[in-house]
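Enquirer: Quick one: structure below, then a few questions.
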Amino acid sequence: SQKIEQNSEALNIQEGKTATLTCNYTNYSPAYLQWYRQDPGRGPVFLLLIRENEKEKRKERLKVTFDTTLKQSLFHITASQPADSATYLCALDFYNQGGKLIFGQGTELSVKP
Amino acid sequence: GAVVSQHPSWVICKSGTSVKIECRSLDFQATTMFWYRQFPKQSLMLMATSNEGSKATYEQGVEKDKFLINHASLTLSTLTVTSAHPEDSSFYICSARPLGTGGFNEQFFGPGTRLTVL
């Protein structure tokens, strides 16, 4: 069956450390993979997109990797800050199938000062 | 730029009534809009894909007669929950894909609408 899973429901880390979030999927073949941030009671905000032929993408303190063999994406936030506390969602991107996004359940990140 | 609004932001209604939720792209035109539903502590579940001027495409298990979608213009899509029941209580979120993005599937999400059916 098709499945998309993100690591542990909640991740607690100390300010300044690197947060690493995992997204694994089975029986899907997405063209791209996207990461979003969602704050409570709000809609998701786009962070990064990585294509299937890209190994790594960076944006400021964020880094995403995409391994289509392992069917896994890793999302890193370096030098984390309390303001980074939020739920992070990965989404499988089927832009060539009408633009559908299939979301993981999210990982709630809490960065303690 | 790239702002998507939803109205209302929250609504409480009685069981059996219908509720309409609007999704607008404020500063861009959207060929496609998507409607999602999110239950507490769960992920966004795609309900339907809406293209301007044509019928919406619903995901498996979503009742098209219960969740009516109209995409009347390149900046407006509406979702009507007909004969709402308490189990329809959820957070409804829309997203919009700008015109001319080609192969890049960037979508902009609205702030969501909290529906509570009593």
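Enquirer: Within region A:13-55, which residues are without any contact (Cβ under 8 Å) to a residue 12 or more places away in the chain, surrounded by 12 or more Cβ atoms within 10 Å (Cβ to Cβ) and more than 13 Å from the chain's Cα centre (by Cα)?
Expert: Across region A:13-55, the qualifying residues are A:R42, A:G43.
Enquirer: Are any of the residues in region B:3-19 without any contact (Cβ under 8 Å) to a residue 60 or more places away in the chain, touching a Leu at 6+ places or on another chain (Cβ under 9 Å) and either open to solvent by less than 50 Å² (accessible area, probe 1.4 Å) or at negative phi (or both)?
Expert: The answer is no, given that none of the residues of region B:3-19 is without any contact (Cβ under 8 Å) to a residue 60 or more places away in the chain, touching a Leu at 6+ places or on another chain (Cβ under 9 Å) and either open to solvent by less than 50 Å² (accessible area, probe 1.4 Å) or at negative phi (or both).
Enquirer: With the requirement that a residue be aliphatic (A, V, I, L, M), free of Cβ contacts under 8 Å to residues at least 24 places away in the same chain and assigned to a strand (DSSP E or B), what does region B:59-85 give you?
Expert: B:L68, B:A72
Enquirer: Something else now. I'm trying to understand the selection: among the residues of region B:79-118, which are surrounded by 19 or more Cβ atoms within 10 Å (Cβ to Cβ) and touching a helix residue (DSSP H, G or I) at 6+ places or on another chain (Cβ under 7 Å)?
Expert: If the condition is that a residue be surrounded by 19 or more Cβ atoms within 10 Å (Cβ to Cβ) and touching a helix residue (DSSP H, G or I) at 6+ places or on another chain (Cβ under 7 Å), then B:V81, B:N105, B:L115, B:V117 are the ones that fit.
Enquirer: Would you say B:A48 is without any contact (Cβ under 8 Å) to a residue 40 or more places away in the chain, of a type in the set (A, V, I, L, M), farther than 20 Å from B:V3 by Cα and crowded, with 20+ Cβ neighbours inside 10 Å?
Expert: Taking the combined requirement at face value, the residue satisfies it.
Enquirer: Let me ask something else. Checking A:G98 against (1) within 11 Å of chain B (Cβ to nearest Cβ); (2) open to solvent by 50 Å² or more (accessible area, probe 1.4 Å); (3) free of Cβ contacts under 8 Å to residues at least 60 places away in the same chain; (4) in contact with a strand residue (DSSP E or B) (Cβ under 8 Å, 6 or more places away or on another chain), only one condition comes out false. Which one?
Expert: Of everything listed in (1) within 11 Å of chain B (Cβ to nearest Cβ); (2) open to solvent by 50 Å² or more (accessible area, probe 1.4 Å); (3) free of Cβ contacts under 8 Å to residues at least 60 places away in the same chain; (4) in contact with a strand residue (DSSP E or B) (Cβ under 8 Å, 6 or more places away or on another chain), A:G98 misses just condition (2).
Enquirer: For residues in region B:51-78 being β-branched (V, I, T) and away from chain A (no Cβ under 12 Å), which is surrounded by the most Cβ atoms within 10 Å (Cβ to Cβ)?
Expert: Ranking the qualifying residues of region B:51-78, first place goes to B:I69.
Enquirer: I'm checking my understanding of the structure. Among residues of region B:25-74 that are of a type in the set (K, R) and at pLDDT below 90, which one is nearest to the chain's Cα centre (by Cα)?
Expert: Restricting to residues being of a type in the set (K, R) and at pLDDT below 90, the top hit is B:K55.
Enquirer: Right, here's the next one. Name the residue that is nearest to the other protein chains (Cβ to nearest Cβ), counting only residues in region A:22-54 that are closer than 23 Å to B:F39 by Cα and among the charged types (D, E, K, R).
Expert: Filtering region A:22-54 for residues that are closer than 23 Å to B:F39 by Cα and among the charged types (D, E, K, R), the one nearest to the other protein chains (Cβ to nearest Cβ) comes out as A:R42.
Enquirer: Any idea how many residues of region B:86-118 are of a type in the set (S, T, N, Q), more than 8 Å from every other protein chain (Cβ to nearest Cβ) and assigned to a loop (DSSP other than H, G, I, E, B)?
Expert: Within region B:86-118, residues that are of a type in the set (S, T, N, Q), more than 8 Å from every other protein chain (Cβ to nearest Cβ) and assigned to a loop (DSSP other than H, G, I, E, B) number 2.
Enquirer: Go through region A:14-54 and count every residue that is touching a helix residue (DSSP H, G or I) at 6+ places or on another chain (Cβ under 9 Å) and farther than 21 Å from B:F108 by Cα.
Expert: Qualifying residue count, region A:14-54: 2.
The values are calculated or read from the model by the stated rules, or taken from the named source; none is laboratory data. Computed from a predicted structure; not experimentally measured. Please note: Cβ atoms are built from the backbone with ideal geometry, for glycine as well, and neighbour counts cover all protein chains shown. Heads up: the accessible areas ignore ligands, DNA and RNA and are worked out on the full protein's heavy atoms, side chains in. Shrake-Rupley method; radii C 1.70, N 1.55, O 1.52, S 1.80 Å.
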